Amino acid sequence: MDALPLSRFRVIDLTRARAGPTAVRQLADWGAEVIKVETTGVDLDTGSRDTPDFQNLHRNKKSLTLNLKDPEGVNVLKRLVERADVLVENYRPDVKYRLGIDYERMRAINQRLVYASISGFGQDGPYRDRPGFDQVAQGMGGLMSVTGLPGQGPVRAGIPIADLSAGIFCAMGILIALLEREESGQGQWVQTSLLAAQIAMLDFQAARWLIGKEIPSQAGNHHPTSIPTGVFATADGHINIAASGNEIFARLCRALGAEHLAADPSYRTEKARSQNRGPLNAAIEEITRTKTAAEWIDLLNRAGVPCGPIYRIDQVFADPQVHHIGIARPIDSPRRGRQELVGQAVTLSRTSWALRAPTPERGEHTDEILASLGYDKAAIAELRARGVV
């Protein structure tokens, strides 16, 4: 295999849960050497290593056990930092200072280090010491107020979107810092939080308030402003139709055999369709119930109207287009056999990502990593006997 684009970088992974490992996974998949630092003794990671979630989050890494509450464990970490490009952590902000592994101390060892922190609410401010959790960030970040059916009350998103977006934003910040380092020769502190990431993901809903002083409400399965865009019942299930804008709405009406809707003054403009969304959606659904989902998907897409199925997860991965884009890829694990994992959602014309190694066993690479830092067998045995590794 040709060298992957990030193969020249070494990353120290001090993260747990989801947001931090998501950030590190982006770097690992594109070739970075990742050393996952895990606790000695009882495994504190959430759940079992054998869960699909854990296996998907921690592929392409090496595992080193290290007791960071022991000064010698911190010394081992410092030796790693001397040779590292990136360190990623998602402790509560005060913890790293107590352990003596905060940005200022690590920068004193390696001024080229990019030190990345993910927290619940930020590294300072009135909530800095609160523990962060995805659903808490969804609520504080406004997402739960715009998710769900009108009048239903707050609804969480079906995925841990605050965790995932914080991880992806963090990875983007790390890459920007590495690019800037090529000019300055200096690393820097990259920071994001679940709260900041969740607010950023509000996107146009946040803009509706910041610019228009409009408080968005729940819109259910229909788009809050672009009508008709939403879920419509068919003879055998449901489909998504996205027909905002006058031109696409006219195409939809022709495909439905309902040109009278396009000519109706109540629906002639986007503003009118938004104001009269209830009757319009009902009129469309009365027609869509007359054919199967597959028939409408074929007919509407041929007519130039965006339309698609609403899948269960098993149906997602059975779809021919999903097979074609190759986002699920296999990897062989000595202990668990062949597995399929979710891949990267971006492709480049000349470089690629890869599943190079399955999730390691805890401490699987401890001796190898310590040897690379100059510890001989006797020293490694002593560290293990003392509970440092």
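The values are calculated or read from the model by the stated rules, or taken from the named source; none is laboratory data. Computed from a predicted structure; not experimentally measured. FYI the Cβ positions are ideal-geometry reconstructions off the backbone, even for glycines, and counts take in every protein chain you see.
Results, tabulated for the structure shown:
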read-out	value
Failed criterion for A17 (all others in (1) within 26 Å of A196 (Cα to Cα); (2) among the small types (G, A, S); (3) buried (at least 22 other Cβ atoms within 10 Å of the Cβ) hold)	(3)
Residues satisfying the stated conditions in region 102-113, i.e. in a helix (DSSP H, G or I) and closer than 18 Å to I369 by Cβ	M106, I109
Residue that is surrounded by the fewest Cβ atoms within 10 Å (Cβ to Cβ), among those in region 282-292 that are over 36 Å from the mean Cα position of the chain (by Cα) and part of a helix (DSSP H, G or I)	E286
Options P224, P279: the member that is modelled with pLDDT of 95 or more and either over 25 Å from the mean Cα position of the chain (by Cα) or surrounded by 14 or more Cβ atoms within 10 Å (Cβ to Cβ) (or both)	P279
Where I109 falls short, out of the listed (1) in contact (Cβ under 8 Å) with a residue 40 or more places away in the chain; (2) in contact with an Asp or Glu (Cβ under 7 Å, 6 or more places away or on another chain); (3) over 23 Å from R18 (Cβ atoms)	(1)
Evaluation of K271 against (1) part of a loop (DSSP other than H, G, I, E, B); (2) not assigned by TED's automatic domain parsing to the domain that holds R79 (one fails), failing number	(1)
T46, sole failed condition from (1) surrounded by fewer than 16 Cβ atoms within 10 Å (Cβ to Cβ); (2) at pLDDT 90 or above; (3) polar (S, T, N, Q)	(2)
Residue in region 105-119 that is buried (at least 22 other Cβ atoms within 10 Å of the Cβ) and charged (D, E, K, R) present	no
Hits in region 168-218 (condition: over 24 Å from the mean Cα position of the chain (by Cα) and not assigned by TED's automatic domain parsing to the domain that holds I101)	R208, W209, L210, I211, G212, K213, E214, I215, P216, S217
Which listed residue is out of contact with any helix residue (DSSP H, G or I) (no Cβ under 7 Å at 6 or more places or on another chain) and of a type in the set (V, I, T), from V24, V11	V24
Test: residue in region 139-159 that is surrounded by fewer than 21 Cβ atoms within 10 Å (Cβ to Cβ), closer than 19 Å to A196 by Cβ and among the basic types (K, R)	yes
Filter result (loosely packed, with under 15 Cβ neighbours inside 10 Å and among the polar types (S, T, N, Q)) within region 201-221	S217, N221
Selection status of L300, farther than 25 Å from P150 by Cβ, hydrophobic (A, V, I, L, M, F, W, C), assigned by TED's automatic domain parsing to the domain that holds E259 and surrounded by 15 or more Cβ atoms within 10 Å (Cβ to Cβ)	yes
Criterion: surrounded by fewer than 17 Cβ atoms within 10 Å (Cβ to Cβ) and either closer than 30 Å to N221 by Cβ or modelled with pLDDT of 95 or more (or both) - qualifying residue of D70, D129	D70
Number of the exception - Y115 against (1) in contact with a Leu (Cβ under 6 Å, 6 or more places away or on another chain); (2) over 21 Å from L77 (Cα atoms); (3) aromatic (F, W, Y)	(2)
Residue check for A381: outside the structural domain of G257 (by TED's automatic domain parsing) and either among the hydrophobic types (A, V, I, L, M, F, W, C) or closer than 30 Å to L68 by Cβ (or both)	yes
